[in-house]
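The values are calculated or read from the model by the stated rules, or taken from the named source; none is laboratory data. Model, not experiment: these values are computed from the prediction. Every residue, glycine among them, receives a Cβ derived from its backbone with ideal geometry; neighbour counts consider all protein chains shown.
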Amino acid sequence: MGRTLALLYGAVCYLIFFVTFLYAIGFVGDLVVPKTIDSGTAGSFGQALLINVLLLGIFAVQHSVMARPAFKRWWTQFVPQAVERSTYVLLSSLALILLYWQWQPMNGVVWDVENIAGRNLLWAIFFIGWVMVLVSTFLINHFDLFGLRQVYLYMKAKEYTHIAFRTPFLYKFVRHPIMLGFIIAFWVTPHMTVAHLVFSIATTAYILIALQFEERDLVSYYGTAYEEYRQQVSMILPFPKKK
């Protein structure tokens, strides 16, 4: 693939991701966007549950399998190394777009906070969760995480170098602040419906399972440095680890 074409491809993939990320805020929060987690007329509960679980499963399988080193080694036999991350980001975004499009509403309200102060507080925490996700990506290198650094270096004919292991700011309190931000954003809402609850339970379960594989890969890659970090800092909840 030509260097300029690779850069354009990476930029398009990133733009699709960013729009998908912004849409996720409206989708989960039932805000502004045309199709949300609760929009539409609910039909059969069993059918809706099956479809929603399948949609979440498609994203989970794609997101986890393609992130594994063994898959990357096989995958880069067909996809140029410079655009491997951008392609991963693109396919993850497409899996989410499919989920937004086909998500089925489900009847039932789990809780509904009517107190104005309480609602405002929950909305504030909801948005803090999303901000935490975005800020955490910049702390470790946002542009590398979403493939732009790779295609930029390729265009400049410079060799790609992996990001050194660091623990800036939020990473001093939890090992995975991005995932903590997602959990906060998925669970904190003044109006929790059954569809939203299914989404929150499934995504939280996926995060906790996927992190086990992620941690194994990080230990394999960074060795002793990550092992020591894991002993000192909690994975998700910012509680001090026992000495």
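Inspect all residues belonging to the stretch 104-117 and state whether any of them is assigned to a helix (DSSP H, G or I) and touching a residue at least 60 places away in the same chain (Cβ under 8 Å). Within the stretch 104-117 (the criterion being assigned to a helix (DSSP H, G or I) and touching a residue at least 60 places away in the same chain (Cβ under 8 Å)), the answer is no, since none of the residues qualifies. When residue 135 is tested against (1) within 19 Å of residue 13 (Cα to Cα); (2) within 14 Å of the chain's Cα centre (by Cα), only condition (1) is not met. Does the stretch 154-166 contain at least one residue that is crowded, with 18+ Cβ neighbours inside 10 Å and among the hydrophobic types (A, V, I, L, M, F, W, C)? There is no residue in the stretch 154-166 that is crowded, with 18+ Cβ neighbours inside 10 Å and among the hydrophobic types (A, V, I, L, M, F, W, C). Scan the stretch 83-100 and tell me whether some residue there is surrounded by fewer than 19 Cβ atoms within 10 Å (Cβ to Cβ) and not in a helix (DSSP H, G or I). There is no residue in the stretch 83-100 that is surrounded by fewer than 19 Cβ atoms within 10 Å (Cβ to Cβ) and not in a helix (DSSP H, G or I).
Quick grid of which residues meet (1) of a type in the set (S, T, N, Q); (2) over 21 Å from residue 124 (Cβ atoms); (3) more than 19 Å from the chain's Cα centre (by Cα); (4) crowded, with 16+ Cβ neighbours inside 10 Å:
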| position | (1), (2), (3), (4) |
| --- | --- |
| 151 | no, yes, yes, yes |
| 176 | no, yes, no, yes |
| 183 | no, no, no, yes |
| 193 | yes, no, yes, yes |
| 196 | no, no, no, yes |
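When residue 43 is tested against the conditions (1) modelled with pLDDT of 95 or more; (2) of a type in the set (Gly, Ala, Ser); (3) surrounded by fewer than 15 Cβ atoms within 10 Å (Cβ to Cβ), the lone failure is (1). Select from the stretch 128-149 the residues that are surrounded by 15 or more Cβ atoms within 10 Å (Cβ to Cβ) and aromatic (Phe, Trp, Tyr) and list them in ascending order. Result: 130, 143, 146.
Per the listing 19, 53, the residue uniquely part of a helix (DSSP H, G or I) and either within 21 Å of residue 151 (Cβ to Cβ) or charged (D, E, K, R) (or both) is 19.
Residue pairs whose Cβ atoms lie under 9 Å apart, sitting 6 or more positions apart in sequence or on different chains, and linking a residue in the stretch 56-83 that is free of Cβ contacts under 8 Å to residues at least 60 places away in the same chain and at negative phi to a partner that is of a type in the set (D, E, K, R) and part of a helix (DSSP H, G or I), are 66/72; 72/84; 75/84; 76/84. Can you find a residue in the stretch 29-43 that is in a helix (DSSP H, G or I), over 24 Å from residue 131 (Cβ atoms) and among the small types (Gly, Ala, Ser)? No, the stretch 29-43 has no match at all.
In this structure, does residue 149 turn out to be touching a strand residue (DSSP E or B) at 6+ places or on another chain (Cβ under 9 Å), modelled with pLDDT of 95 or more and either among the aromatic types (Phe, Trp, Tyr) or assigned to a helix (DSSP H, G or I) (or both)? The answer is no for residue 149. For the structure I just gave you, tell me whether residue 10 is within 23 Å of the chain's Cα centre (by Cα), within 21 Å of residue 129 (Cβ to Cβ) and assigned to a helix (DSSP H, G or I). No: the conditions fail for residue 10.
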